[in-house]
Every structure is written in structure tokens, then in C-alpha cells.
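The values are calculated or read from the model by the stated rules, or taken from the named source; none is laboratory data. Quick caveat, the model's predicted, so the values are computed rather than measured. Methodologically, a virtual Cβ is constructed for each residue, glycine included, from the backbone with ideal geometry; neighbour enumeration extends over all protein chains shown. For accessibility, only protein heavy atoms count, side chains too; no ligands or nucleic acids. Shrake-Rupley method; radii C 1.70, N 1.55, O 1.52, S 1.80 Å.
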Amino acid sequence: MRRILHIDMDAFFAAVEEKRDPSLKGKPVVIGGMGDPTKRGVVSTANYEARKFGIHSAMPLRTAYKLCPKAVFLPVDDEAYMAASHRFKSVLLSITTIMEDVGIDEAFLDISDETDSNETLAERIKAGIFKETGLTCSIGIAPNKLLAKIASDMQKPNGLTVLTTDDIEGRLWHMQIGKLYGIGPKTEEHLKAMNIATIGQLVSSSVEILVQRFGPSYGCYLHEAARGIDDSPLVTHWEPKSFSRETTFQEDVKNWQIIAKTIADLTKNVVSDLSRKGYSARSITLKIRYSDFRTITRACSAHEAVEKEDEIRRLAFSCLKRVDLMGKRVRLVGVRVGNLEKIAIFSPPV
């Protein structure tokens, strides 16, 4: 039988911060933006003490501060979190190379061919990760990715949950519909408007009604997901479709020079990503969000794939020329490159 393991690090960013500063343990800790809750930014993660106050990821920092003024607010340290991510994933790869990397703090493993029991494998992983990083994780094991993902969230933190197809009715159907992987807040609202608040109630809905409301692809997904059906494979290798960087100004900006410098800086970062991954790009898109939250994009294409900073910066500024900035304040700027092409590496003849 197929065995899929999903691992989710516990409050990852906050746990990394607590590891290097033990005095944070037991205190509500919020990670996001520049770490200043009086300025713009969103919560990247919050530890479990902070979550008790209703703080969650993607929440504005200012809202988090209102909910818990005594919380410790810290800036995002991407370098530290990536280093910890590489360390814990090296432990996973020592178990099996069949791994789908789905984020900085989570991954799927196919352990179908492993002879050890679920509990033994989970203990090996937990012990290895703690030895390498000093951090804990939660693990879900099930016959497919969908159920494994749900399982890993059922006993946090430092939990292990094993689900089988026989557990679906008794352990899943009573859950709130938002616990089902692939259902976001908007879909949850639509489903609740249809008097569907639990996974069990979704099971009772006909596929015809779901397809009519959500379309053939997503409607069929909801119908099958509620029943624990998921045949999707682990994706162990994927090619990126684009690279992007964006920044939100702490105060709305109308100075063209500040906007232009920001675009140049973002372009430099995007080019660094391109170079590191070995790609060139054929399209460049500039994103502008005004102070009223209206967002526009301007795109242009190159005749040939480009990879140099000056070439991509020139294209980004050609997009800027088509943006109306007269009398307007800008809240956010972003640069994205797409239509990627892998750069061929030629080895000299021996």
C-alpha cells in the first residue's frame, strides 16, 4: 500500500528565533516585516503563545499588535530560516530521496518502500531533525498526499498522526470544511452559504451541484477530496515559471526617483535569482499598487531571452513609462520575469 508522509515544522520561523534566543520561550512571538508593529507589514508566523490571542499568518502587524501589545515582534530573517530548512531537509533525504519540497518548512516523502513501521520512521525523522536543528516537527502519514497533509495538522506541536482510509468517516467528516486541503477562505464562505460547514456535509453534496457552483475541475476535486481520494504523485523536480520580488513602502510614495530606485533594486534581486537558478527570461512585468489599493501591471517582451541586469532593468523602466503616476501615491512596487529558458552550459571538449 502507498505510504505518504507529510512533515510540517512547528511554528518554524518563531522556533528558529527561540532556538537562538532562549529568553523568548514562553513569550508570544510574532515574526513579520521589519519587526515593527507600528509600520506596514504582515505576520509571517507566530508561535503558539501568540496564536492564543488570535494572531495568525497574513494578518497585518498592526492588527497583531492590537490583539497582543506585549508580544515580541521580530523581523523576518530569511537567511537563518533557509539555513535551518536545508538542515532539516537533509535529514529527510537520508530517509528517502523521493521527496517533494513544498515550502521552506514542509515536505512530502514517499515511504511506501521503507520496511520500518510508521512510528519508527517518524521517530527517526524527529530525532534527526532535533539533533540537527534543535527544532520539533509534526508528521502525518496516510495513503495519499491529501490525507497526510490533514494528518500532520491534527496533533500539533510535535505530533504524529497516522490516517487510513478506514479513518475518513470517523476522524475527518466532523472537521470544519476549512481543514480540507485546497479550500481557502473565499471557497469556505461559498460553501457555508450552501449550508456546508463540515467535511461530512460536503460528502452529502452531489457532484453535480459542486460542478455547477465551482466548475468541472474544482467541483470534482471537492467531491473527491471530501472522501479522502487523491491520486496526485509526488513532484520531485519542477521548473519555475517565473521569479518575482516586490516591496511595500512604509509610507505611500509619490517621488518618482524613489519609485525608480526601488524598481532598480528589485530588478537586481530578481536577476540574482535568475542567475543562481540558471535561467534567462523573455517577459518582464511591473506591478504597481496605488494608495487606494488599486493594482495595475504593465508587461513587455524581449526579442531574445535576457539575463543581464541592465537589459532587464531597461525593460522594467520601459514598463514604468506606461504607468500613470501623475498626482498618485504608490503603496507597492513589484518586478516579475517570466517565460523562462534554461541557460545551456557547454563543457569544453576534452
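Scanning the stretch 15-36 for residues that are open to solvent by 20 Å² or more (accessible area, probe 1.4 Å) and in contact with a Phe, Trp or Tyr (Cβ under 8 Å, 6 or more places away or on another chain), we see that the one that is modelled with the lowest pLDDT is Asp36.
If you go through the stretch 83-93 and keep only what is out of contact with any strand residue (DSSP E or B) (no Cβ under 6 Å at 6 or more places or on another chain) and either basic (Lys, Arg) or open to solvent by less than 80 Å² (accessible area, probe 1.4 Å) (or both), you end up with Ala83, Ala84, Ser85, Arg87, Phe88, Lys89, Ser90, Val91. When residues in the stretch 1-11 are screened for being under 17 Å from the mean Cα position of the chain (by Cα), hydrophobic (A, V, I, L, M, F, W, C) and at pLDDT 95 or above, 2 of them pass. Residues that are under 28 Å from Leu332 (Cα atoms) and among the charged types (D, E, K, R) do occur in the stretch 223-242, at least one of them. Taking into account only those residues within the stretch 303-330 that are modelled with pLDDT under 95 and part of a strand (DSSP E or B), which is least open to solvent (accessible area, probe 1.4 Å)? The residue in question is Val306.
One line per residue, one yes/no per condition, for (1) touching a helix residue (DSSP H, G or I) at 6+ places or on another chain (Cβ under 9 Å); (2) part of a helix (DSSP H, G or I); (3) of a type outside the set (Phe, Trp, Tyr):
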site: Phe73; (1), (2), (3): yes, no, no
site: Leu92; (1), (2), (3): yes, yes, yes
site: Ile141; (1), (2), (3): yes, no, yes
site: Gly170; (1), (2), (3): no, yes, yes
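Of everything listed in (1) open to solvent by 40 Å² or more (accessible area, probe 1.4 Å); (2) in contact with a Lys or Arg (Cβ under 7 Å, 6 or more places away or on another chain); (3) not acidic (Asp, Glu), the single unmet condition for Ser206 is (2). Residues in the stretch 107-131 that are closer than 12 Å to Met9 by Cβ and open to solvent by 30 Å² or more (accessible area, probe 1.4 Å): Lys126, Phe130.
Considering only the stretch 67-74, I want to know if a residue exists there that is free of Cβ contacts under 8 Å to residues at least 24 places away in the same chain and surrounded by 14 or more Cβ atoms within 10 Å (Cβ to Cβ). Checked against the condition, which is being free of Cβ contacts under 8 Å to residues at least 24 places away in the same chain and surrounded by 14 or more Cβ atoms within 10 Å (Cβ to Cβ), the stretch 67-74 yields at least one hit. A single entry from Gln250, Gln212 fulfils the requirement of being closer than 25 Å to Asp78 by Cα and polar (S, T, N, Q): Gln250.
Taken over the stretch 152-201, the criterion of being under 27 Å from the mean Cα position of the chain (by Cα) and of a type in the set (Gly, Ala, Ser) is satisfied by Ser152, Gly159, Gly178, Gly182, Gly184, Ala197.
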